[in-house]
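Okay, so here's the structure we're looking at.
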Amino acid sequence: MTQVNRIAGGQIDRSQTLRFTFDGIPYQGHPGDTLASALLANGVRLMGRSFKYHRPRGVIAAGSEEPNALVELRTGARLEPNTRATVVELWDGLVANSQNRWPSLRFDALAINDRFNSFFTAGFYYKTFMWPAAFWEKVYEPIIRRAAGLGSLSHLEDPDAYDKGFLHCDLLVIGAGPAGLMAALTAGRAGLRVILADEDYALGGRLNAETFEVGGQAGSDWAAGVVAEVSALPNVRVMRRTTVYGAFDHGIYGAVERVSDHLAEPLPGKVRQTAWKIYSRRAILAGGATERPIAFENNDRPGVMLAGALRAYANRWGVAAGQRVAVFTNNDDGLRSATDLQAKGVDVVAVIDSREGGELLPGIRHLRGAEVVDSQGRLGLTGITVRDARGRTEVIRVDALGVSGGWNPNVNLLSHHRSHPTWREDIAAFVPGTGGPVGLVAVGAAAGAFSTHAALASAARAAAQVVSDLGGKASYDLPQAEDAPVAISPLWFVHSGKGRAWIDPQNDVTIKDVKLAHQENMISVEHLKRYTTLGMATDQGKTGNVIGLAVMAELTGRSIPETGTTVYRPPYTPVALGALAGRSRGKEFKPFRLTPSHKWAEEQGAVFVEVGMWLRTQWVPRQGETEWRQSVDREVLATRKSVGICDVTTLGKIDIQGTDAAAFLDRVYANTFSTLPVGRCRYGLMLREDGMVYDDGTTARMGPNEFVMTTTTANAVLVYRNLEFARQVLWPDMDVQIISTTEAWAQYSVAGPNARKLLQKIVDQDISDAAFPYMGAGEITVGGLRARLFRISFSGELAYEIAVPTRYGDALIRALVEAGREWDAVVYGTEALGVMRVEKGHVAGNELNGTSTALNMGLGKMVSRKKDAIGVKLSGREVLVAEDGLRLVGVKPVNPAHPLTAGSHLLKIGATPVVEHDDGWLTSMVYSPHLGHHIALAYLKNGAARIGERMRAVNLLARTDIEVDIVSPHFIDPEGERLRG
Amino acid sequence: MAEIKLKPLTALGHDLPVTEALGPWTLTERFDVALASLAPRRGRLDEVRAAAARAGIPMSAPARAELGATFGAFWMTPDMWMVEAPFATHEDIRPALLAVFGDAASITEQTDAWVRFDLAGPELERLMERLSNFDLAPAPEGAATRTVIEHMGCYLIKRSAQAITLYGPRSSARSLHHALTVAAASLA
């Protein structure tokens, strides 16, 4: 079968033939074809099955509004379900398959649903599957999802890349039909930065589908001329295959450019799509209009199409949708389809015009005051039943019917900020209302200016106004164009019979469904939409919504504008999640932050852990170690026995200077810093306004007006942001300057009894206990290089943190390892760090959980009442200072052989494990190689008074229940002799 | 003094900075610039301006960068500038600036807080529109802005129609480099 319906003309390149398959059957088409036009050219009308009833369906439209002709495009990982055949550009080798059918499109077993349609009416989910409730998720929903629904996913990873980007313009013109082209031309000639975007691959909009002349030449030629002119302007960017899908705040529009969708696969290195954010000063919506059908019984058969689409296929693609064609219309535009087709030599057997009186079309059987009341055909249209003005019916044999119920301006983008369109009686359509996105105006058919002349004029005027608003001057000459008035006599659906008349073919919503919804008191259009699913899914009701509203209006006795519309939301047409994700997927989901020792650690085979965006060394396995615990235990023991080195660069570092720096710190820390001598550091607690601790760290005083604050890795940005807020907003009078230096310094902890000996080999100054006491801080040098040293300890050992400019960080860790060789120094990771801090009883993220106070942590004395600081007041609330509140304690198993389970709750011996008996929980749990058993930190009610009590650690999820002793949280060196050594 | 000489690595982890072609553009990692933030203390802006003028340190207008004979600078935020100087002569930049400004300004070494990539070539906006929402094409020479590139907070300076400087977080140098090369590759 070779293109039996191909007729003369059209914008296709007949010198080239493209081969493609649909459901495995080979066909041919030409460059310029869409999949839909090529299938029609080959006489294929049956393209899919409907959502619920699995009714045979064919294409009804010629653009992105298509509700029916949804196919699975491509195969394998590139398979894309629910692709509208009307917007797929044909390429050689294209493979498409029908969907939502089994075993085949022609014989679909689930078409049995159609016989039971009375069970599948509006709201049937809610009525049918109510009992038993437990069956919904496990039984009913999976069955329904299998039976209903559209295409299927490949479940394979998308092999293509997607880009995103940002564009700027004075004027964004959305749509490149006659109005959009005129607007771009006017503004472009006036020198504005213009972006002209259109979803189609051929610019010109309806001009490519009509036989009108513009400016004395074929409309499509005029369009091509304008495109050529504006494309040559350096200030105009023309974007084909680009759908502006949403209007956002401040003149920002979302757009998707389908860079490679017209190819079998992207060219090497190229992306498939690019998601653009377009920042515009002004925007013009020239999105045209969408034709709507008239509902009648069995109006969903393949071959029943929109009249404008019928004409578009003939004029643009050289395709007759059938051999014997009829047109059913309530307006003059529908008549154009008949005359255009007739001029192309297509057998137009009848025009069924619902309007009475008026002139008859010459040379065509033009039935005035008539209606199509039914159709025939199983897998495709074979005939229509027509009722004439006198009420007589006749069956007319046709294989294609074009239906026109009028045109709906595409107001979608204007409604994205909830502005409601207004009804215009003279054209029987909703047009843009007031209050849409600031800076966006509609022109042309999108504004209800339906004639070509009106479209051109409204666009030129609007563009000139934009030019003037932005301080320029524009002039324009309107080309000569047709200016036919809209002549329509509204007819929404044909009153006849008891059969089903479809208004939303994609969701299988019929007039009966709307009636049923109304009968069940779904009066609001929003309820109507949700109850019937009218206007949902890929087409968002572009062809069906207004008919649904009209039916509802008639049922409720209200007018259409009184009935109102649902709210259009982005996206205008479906946007692939891949396009929105752009490059941010897989391991490129976010950037990484690498520590200065990363290269060294990679060389050592370190295991990394993600901490925010940082990659930190978790442990460094040595040969023969097969379990992580072996490495971690070794690192802990070696550090406690001799010396260990850990990269602590990731801790936030904030430089705070200014004559009020000390006073500033007193206000942001719960404890006092103004008394801190130069050359010393102090541990500090930061509270939220509600009194809960949110961060801790050590701050060093490097000079009278200079401090270096450290924060936790996780909260570095939060603390910085809060300091900036405090500085700028809370106390703008203070003389304080802050800047992050986290990245500027490579910082390593050197901990253990031999830490000082090791460091003394590296640094140039005397760091004996006398010269550099516990909590000392200062600028030193390493082989003459500027460096900083802080004597602080998280592990409980004699410990220092040494910092050098980051570029020297790699060299420093190598130098430290080398210098530590004589003491068997180890490099330890975050796991060992965690073990040692639990052994020492230091709080960390698990304890700083956002609901804990300093008192809970056993650090209540740190909250100074001698001064005011953020959160101090509210930390004194009665309930927060209760004597029997949660307190940090240590927990160890009675039997050292028993492991503790993280997340266990503490219960009294003999208490039943119910929430009323919950006395607290383990916050951090580790295996202490030093002690030879598990230990934990815990929050325990009245914990300070319960040291020595025997309790149970119960974990109902892990099914563990073991006896534990409540002990001091300081498992190691409670007197702190080691770190002061 | 300890017998130790620490060898620096570039932000990308190499011994020497890279220069590479990304399609029609050239990317150069700059390892030879010392940086320090300069923030006048409260009420001492004029004093700082005068001292800066004497020392040849340009205190550029908001959203602008300027290059002087030795020093350059770009505006970061109200009352804060980033001062650039040759690393070879100003590695220890803070003391050098303290000598100029005394206690009239807060000065913090920032040299290794940043990775610097210089990009050169025609129509850089074609590349940058994939990465940043800064409207590069109409921006004047010397425009300087904070912008986000693939989640990374960066400074972007337009040196000329065909040259820009990017300062990105040093720890994410590899990620920033990756973002630049990937974007350039899709335009090749």
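The values are calculated or read from the model by the stated rules, or taken from the named source; none is laboratory data. This one's a predicted model, so the numbers in the text were calculated from it and none came from an experiment. Using ideal geometry, Cβ is built from the backbone for each residue, glycine included, and neighbour counts are taken over all protein chains shown. SASA here: full protein model, heavy atoms, side chains in, ligands and nucleic acids out. Shrake-Rupley method; radii C 1.70, N 1.55, O 1.52, S 1.80 Å.
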Checklist outcome for this item: Within the stretch A:606-618, restricting to residues that are closer than 15 Å to A:GLU831 by Cβ and either of a type in the set (A, V, I, L, M) or over 36 Å from the mean Cα position of the chain (by Cα) (or both), the one that is nearest to the other protein chains (Cβ to nearest Cβ) is A:LEU615
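Conditions (1) in a loop (DSSP other than H, G, I, E, B); (2) surrounded by 17 or more Cβ atoms within 10 Å (Cβ to Cβ); (3) of a type in the set (Ser, Thr, Tyr), marked per residue:
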site	(1), (2), (3)
A:ALA224	no, yes, no
A:VAL227	no, yes, no
A:HIS250	no, no, no
A:TYR253	no, yes, yes
A:GLU265	yes, no, no
Checklist outcome for this item: Scanning the stretch A:669-682 residue by residue, those buried (at least 24 other Cβ atoms within 10 Å of the Cβ) and not in a loop (DSSP other than H, G, I, E, B) turn out to be A:CYS681
Checklist entry - Of the residues in the stretch B:130-172, how many are closer than 25 Å to B:ALA21 by Cβ, crowded, with 20+ Cβ neighbours inside 10 Å and more than 10 Å from chain A (Cβ to nearest Cβ)? => result 8
Checklist entry - Name the residues in the stretch A:572-584 that are in a loop (DSSP other than H, G, I, E, B), open to solvent by less than 50 Å² (accessible area, probe 1.4 Å) and away from chain B (no Cβ under 14 Å), would you? => result A:TYR572, A:THR573, A:VAL575, A:ALA576
Checklist entry - When you look at A:PRO596, is it buried (at least 23 other Cβ atoms within 10 Å of the Cβ), outside any strand (DSSP E or B) and within 14 Å of chain B (Cβ to nearest Cβ), yes or no? => result yes
Checklist outcome for this item: Those residues of the stretch A:526-560 which are crowded, with 20+ Cβ neighbours inside 10 Å, outside any loop (DSSP other than H, G, I, E, B) and touching a helix residue (DSSP H, G or I) at 6+ places or on another chain (Cβ under 7 Å) amount to A:LEU528, A:TYR531, A:THR532, A:GLY548, A:LEU549, A:ALA550, A:VAL551, A:MET552, A:ILE560
Checklist entry - Are any residues in the stretch A:654-672 more than 9 Å from every other protein chain (Cβ to nearest Cβ) and not polar (S, T, N, Q), and if so, which ones? => result A:ILE654, A:ALA662, A:ALA663, A:PHE664, A:LEU665, A:ASP666, A:ARG667, A:VAL668, A:TYR669, A:ALA670
Item to check | the stretch A:642-668, residues that are in a loop (DSSP other than H, G, I, E, B), open to solvent by less than 10 Å² (accessible area, probe 1.4 Å) and either among the polar types (S, T, N, Q) or without any contact (Cβ under 8 Å) to a residue 12 or more places away in the chain (or both) | outcome: A:THR649, A:THR650
Item to check | A:THR2 vs. criteria open to solvent by 10 Å² or more (accessible area, probe 1.4 Å) and not in a loop (DSSP other than H, G, I, E, B) | outcome: no
Checklist entry - Counting just the residues of the stretch A:745-756 that are touching a helix residue (DSSP H, G or I) at 6+ places or on another chain (Cβ under 7 Å) and not in a strand (DSSP E or B), which one comes out nearest to the other protein chains (Cβ to nearest Cβ)? => result A:ASN754
Item to check | the stretch A:888-914, residues that are at pLDDT 95 or above, part of a loop (DSSP other than H, G, I, E, B) and either hydrophobic (A, V, I, L, M, F, W, C) or surrounded by 15 or more Cβ atoms within 10 Å (Cβ to Cβ) (or both) | outcome: A:VAL894, A:ALA897, A:HIS898, A:LEU900, A:THR901, A:SER904, A:ILE909, A:ALA911, A:VAL914
Checklist entry - Which one is nearest to the other protein chains (Cβ to nearest Cβ), of the residues in the stretch B:92-129 that are open to solvent by 50 Å² or more (accessible area, probe 1.4 Å) and assigned to a helix (DSSP H, G or I)? => result B:ASP103
Checklist outcome for this item: Only unsatisfied item for B:THR89, checking (1) farther than 30 Å from A:ASP655 by Cα; (2) more than 14 Å from the chain's Cα centre (by Cα); (3) more than 14 Å from every other protein chain (Cβ to nearest Cβ), is (1)
Checklist outcome for this item: Listed by range, strands (runs of 3 or more DSSP E) wholly within the stretch B:6-61 having at least 2 residues that are open to solvent by less than 50 Å² (accessible area, probe 1.4 Å) are B:25-30, B:33-40
Item to check | Leading residue by the ranking (least open to solvent (accessible area, probe 1.4 Å)) among those in the stretch A:15-53 that are out of contact with any Pro (no Cβ under 6 Å at 6 or more places or on another chain), part of a loop (DSSP other than H, G, I, E, B) and without any contact (Cβ under 8 Å) to a residue 24 or more places away in the chain | outcome: A:VAL44
Item to check | Of residues in the stretch A:757-806 being in contact (Cβ under 8 Å) with a residue 40 or more places away in the chain and in a helix (DSSP H, G or I), the one surrounded by the most Cβ atoms within 10 Å (Cβ to Cβ) | outcome: A:THR806
Checklist outcome for this item: Note on the stretch B:28-79: residues polar (S, T, N, Q) and away from chain A (no Cβ under 13 Å) are B:THR28, B:SER60, B:THR70
Checklist outcome for this item: Filter the stretch A:345-359 for residues that are of a type outside the set (Val, Ile, Thr) and open to solvent by less than 20 Å² (accessible area, probe 1.4 Å); the one that is nearest to A:ILE294 (Cα to Cα) is A:ASP353
Next on the checklist: Consider the stretch A:84-98. How many of its residues are under 11 Å from A:MET47 (Cβ atoms) and open to solvent by 10 Å² or more (accessible area, probe 1.4 Å)?
Outcome noted: 2
Checklist outcome for this item: In the stretch A:178-207, anything assigned to a loop (DSSP other than H, G, I, E, B) and open to solvent by 10 Å² or more (accessible area, probe 1.4 Å) is listed as A:ALA190, A:GLY191, A:LEU192, A:ARG193, A:ASP198, A:GLU199, A:ASP200, A:TYR201, A:ALA202, A:LEU203
Next on the checklist: Residue under question is B:GLU20, and the condition is that it be under 15 Å from the mean Cα position of the chain (by Cα), away from every other protein chain (no Cβ under 14 Å), under 30 Å from B:LEU176 (Cα atoms) and not polar (S, T, N, Q); does it hold?
Outcome noted: no
Checklist entry - Is it the case that some residue within the stretch A:816-835 is modelled with pLDDT under 95 and open to solvent by less than 30 Å² (accessible area, probe 1.4 Å)? => result no
